[in-house]
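Reading through the structure tokens given below for one structure.
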Amino acid sequence: PSEETLAIATSTSQFLQLSLSSSDIAKDDLAPEHVVSSFHSGPILGVDVCVRKPLVVTCGADRSVRIWNFIERTQELCKYFGEEAFSVAFHPSGFHLIVGFSDKVRLMNLLMEDLRTYKEIPIKACRECRFSNGGQFFAAVNSNTIQVYRTYTCEVVCNLRGHQSKVRSVCWSADDSKLMSTGVDGAVYEYDILKDGRKNSDWVQKGTVFSSIVAHTSTENNAQTTTMYVAGSDRMLREIRSGKNTKSLESNAMLGQLALAPQARALFAGVMEPSMPGPVRVYTFPLDGDYVEYQAHSATVSRICISSDELYLFSGADDGCLCVFDITRQAGSKRDKDLALGYAEELLVTRAFLDEKQAALLELERQVEELTSRIEFQLRHRDTYHKEKMA
């Protein structure tokens with residue numbers, strides 16, 4: 001080896017490199033560079049994935065919000081804020097974000113080079129927020145109440161009450177007509193958003209702290225049935241249907257987060273045992289108790305989510321790492337089978353940004369014309385000079 005590169009690992013989980021070549025070491029501005037990109041320097045608290053773009057967003061205790069491209073394996077954007085970000089949600093279009101901070105919830109536009117706030121909602125320490133599948137609604141947890149808003153007007157659709165303690169997890173039904181929730185009080189509720197948030201069903205397991213809920217909608221005899229799956233402190237994986245616990249599986253470990261891939265026939269779970277590293281489990285779906293465990297993190301798994309085409313699984317943990325798994329199966333993927341749209345390449349920019357770039361372009365064009373005319377003049381002058389010399 002030439003020994004011209006120094007590798008540096010820092011206490012803030014950064015991996016840097018410094019060139020020691022004779023040409024670089026003589027430079028005055030010599031500084032270490034990130035090998036790949038910067039990483040979170042603390043626990044990851046929120047993860048969400050976009051539908052129309054190959055992007056995943058993370059937020060963490062280091063007060064940063066980061067946008068990652070999971071196809072190119074690069075970091076697209078990183079922005080630091082003045083306070084800790086507890087939760088994050090990605091709009092299906094890839095143009096908007098919700099970030100829950102300690103003092104408020106901020107709605108942001110994802111621009112080409114920046115995250116810009118366009119609306120603030122006074123909800124303190126929002127640890128769970130979620131866009132609906134179609135993107136027309138979003139839900140934000142305010143302690144033991146869930147507030148549902150219209151995305152494009154920020155009007156309140158309904159306030160969902162019933163929980164006696166903090167809500168830990170929410171999820172939308174496939175058609176966005178229902179919202180399911182669970183929390184510290186051991187209650188599992190199903191609300192009808194189209195009927196002013198009326199409670200459709202409930203099931204309570206007192207003494208259990210539920211940390212995650214996912215839902216699957218199936219059609220039987222022309223009637224839709226919503227089945228919910230919850231996990232919590234009792235080390236059980238439970239199936240809830242129509243307000244009844246229809247199946248319970250012993251997990252032998254505390255499962256913190258769940259994610260469902262019905263096309264892949266798999267339910268993913270992140271293990272949240274404080275005394276052990278954070279593996280990711282893959283249960284066969286419908287549930288029969290069989291699972292495969294993959295070691296992923298050195299600390300407890302805080303968030304997991306799945307891309308809309310069910311090809312990628314993302315897990316974030318207290319070790320500050322974002323892991324990306326390929327989901328493989330024998331049948332073709334949803335994106336291949338349905339000939340769905342490819343990922344979008346459009347970017348969001350402001351009018352001021354466009355005007356600035358246009359002005360810079362016009363200035364450069366003016367400079368090019370000026371240089372061209374100057375060079376032409378010099379060539380003519382030189383031709384005249386040489387003709388006179390030859391004469």
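The values are calculated or read from the model by the stated rules, or taken from the named source; none is laboratory data. For clarity, every value in this text was computed on a predicted model and none was experimentally measured. Cβ placement follows ideal geometry from the backbone for every residue including glycine, while neighbour counts extend to all protein chains displayed. We work out accessible area using only protein heavy atoms, side chains counted, and drop any ligands, DNA or RNA first. Shrake-Rupley method; radii C 1.70, N 1.55, O 1.52, S 1.80 Å.
What ranking do 275-283, 17-25 get when scored by the average of other Cβ atoms within 10 Å per residue, highest first?
Put in order of decreasing packing, that is 275-283, 17-25.
Using only the Cα atoms of the range 50-90, build the gyration tensor, take square roots of its eigenvalues as a ≥ b ≥ c, and label the shape rounded, prolate or oblate: rounded if a/c is under 1.5, else prolate if a/b is larger than b/c, else oblate.
Because a/c hits 1.5 or more and a/b exceeds b/c, the range 50-90 counts as prolate.
Can you tell me, using C-alpha contacts under 8 Å and at least 6 residues apart, the relative contact order of the range 44-136 as a whole percent?
Value for the range 44-136: 22 percent.
Would you kindly give the portion of the calculated P(r) for the range 185-228 that falls above 16 Å, as a percent of all Cα pairs? Before the final figure, lay out each step's value.
Values: 482 of 946 pairs.
Tail fraction, whole percent: 51.
Straight distance only, please: which aspartates and glutamates reach the Cα of LYS166 with their own Cα at less than 13 Å, same-chain residues fewer than 8 apart left out?
Leaving aside aspartates and glutamates fewer than 8 places away in the same chain, those within reach of LYS166 are GLU128, ASP185.
Which residue, chosen from SER307, GLY46, ASN221, occupies the Cα position most advanced towards the positive end of the dipole of the chain, where the dipole is computed from +1 (Lys, Arg) and -1 (Asp, Glu) charges on Cβ about the Cα centre?
Toward the positive end, the furthest listed residue is ASN221.
Please compute P(r) over all alpha-carbon pairs of the range 274-391, binned at 5 Å starting from zero, and give each bin as a whole-number percent.
2, 8, 9, 10, 9, 7, 7, 6, 6, 5, 5, 5, 5, 4, 4, 3, 2, 1, 1, 0, 0
Can you spot the lysines whose alpha carbon is less than 19 Å from LYS79's alpha carbon? Ignore those fewer than 8 places along the same chain.
LYS104, LYS119
After finding the eigenvalues of the alpha carbon gyration tensor for the range 108-149, what semi-axes result from the square roots of 5 times each, listed largest first in whole Å?
Values for the range 108-149, descending: 21, 14, 8 Å.
How many Å³ per residue does the convex hull of the Cα positions in the range 63-152 occupy?
Values: hull volume 8.7 nm³, N = 90.
Per-residue hull volume (Cα only) is 97 Å³.
Tabulate in residue order the Karplus-calculated ³J(HN,Hα) for the range 362-378, using 6.51 cos²θ - 1.76 cosθ + 1.60 with θ = phi - 60°, rounded to whole Hz; enter x for Gly and Pro.
My calculation for the range 362-378 gives 4, 5, 5, 5, 5, 5, 5, 4, 5, 5, 4, 5, 5, 5, 4, 5, 5 Hz in order.
Decide, for the range 266-324, between rounded, prolate and oblate: order the square roots of the alpha carbon gyration tensor eigenvalues as a ≥ b ≥ c, take rounded if a/c falls under 1.5, and otherwise choose prolate if a/b is larger than b/c, else oblate.
On the way: a/c = 2.58, a/b = 1.29, b/c = 2.00.
The shape class here is oblate.
Could you work out the relative contact order of the range 20-81, using alpha carbon pairs under 8 angstrom and six or more residues apart, expressed as a whole percent? List each step's numbers first, then the result.
Working: 83 pairs, mean separation 13.8, N = 62.
In percent, rounded to a whole number, it is 22.
Give the Kirkwood hydrodynamic radius (Å, one decimal) of the range 116-184, defined as one over the mean of 1/r across all pairs of different Cα atoms.
12.3
Cross-link partners among lysines for LYS195, C-alpha distance below 21 Å, same-chain residues fewer than 8 apart left out?
Filter leaves LYS178.
With every atom except the alpha carbons ignored, what do you get for Rg and Dmax of the range 1-157, in angstroms?
That works out to 18.9, 65 Å for Rg and Dmax.
Would you mind telling me which residue in GLU120, GLU84, GLU345 has the biggest mean-square fluctuation in a Gaussian network model of the chain, where springs connect alpha carbons within a distance under 10 angstrom?
Most flexible of the set in this elastic network: GLU345.
Over the chain, with every protein chain in place, what whole percent of the accessible area is carbon and sulfur at 1.4 Å, could you tell me?
Here carbon and sulfur together make up 50 percent of the probe-accessible area.
Can you report the principal axis dimensions of the range 137-230 using only the alpha carbons, biggest first, rounded to whole angstrom?
37, 36, 18
Give me the Kirkwood hydrodynamic radius of the range 1-70, using the inverse of the mean 1/r over all pairs of distinct Cα atoms, in Å to one decimal. Mind showing how you got there, number by number?
On the way: mean 1/r = 0.0693 Å⁻¹.
For the range 1-70, the Kirkwood estimate is 14.4 Å.
If contacts are Cα pairs under 8 angstrom and at least 6 residues apart, what is the relative contact order of the range 105-167 in percent?
Working: 105 pairs, mean separation 12.8, N = 63.
RCO, the range 105-167: 20 percent.
Would you please classify the overall shape of the chain from the alpha carbon gyration tensor, given that a ≥ b ≥ c denote the square roots of the eigenvalues, rounded means a/c under 1.5, and beyond that prolate means a/b larger than b/c while oblate covers the rest?
Prolate, because a/c is 1.5 or more and a/b exceeds b/c.
Picking from ASP288, ASP202, ASP355, which is most flexible by a Gaussian network model of the chain using Cα springs under 10 Å?
Evaluated over the chain, the most mobile residue of the options is ASP355.
So what does the Cα-only Debye profile of the range 207-278 read at q = 0.13, 0.15, 0.25 Å⁻¹, as log10 I(q)/I(0), no solvent term?
Taken in order of the listed q values, log10 I(q)/I(0) reads -0.40, -0.52, -1.19.
Given only helices, namely DSSP H runs of n ≥ 4 each adding -39500 (n - 2.57), what is the per-residue ellipticity at 222 nm of the chain, to the nearest 500 deg cm²/dmol?
-4000 deg cm²/dmol
Mind checking which of LEU249, LEU379, VAL204 is farthest towards the positive end of the chain's charge dipole, using Cβ charges of +1 (Lys, Arg) and -1 (Asp, Glu) about the Cα centre?
With unit charges placed on the Cβ atoms, the residue in question is VAL204.
Arrange the peptides 50-58, 380-388 so that the one whose residues have, on average, the most other Cβ atoms within 10 Å appears first.
The peptides rank, most packed first, as 50-58, 380-388.
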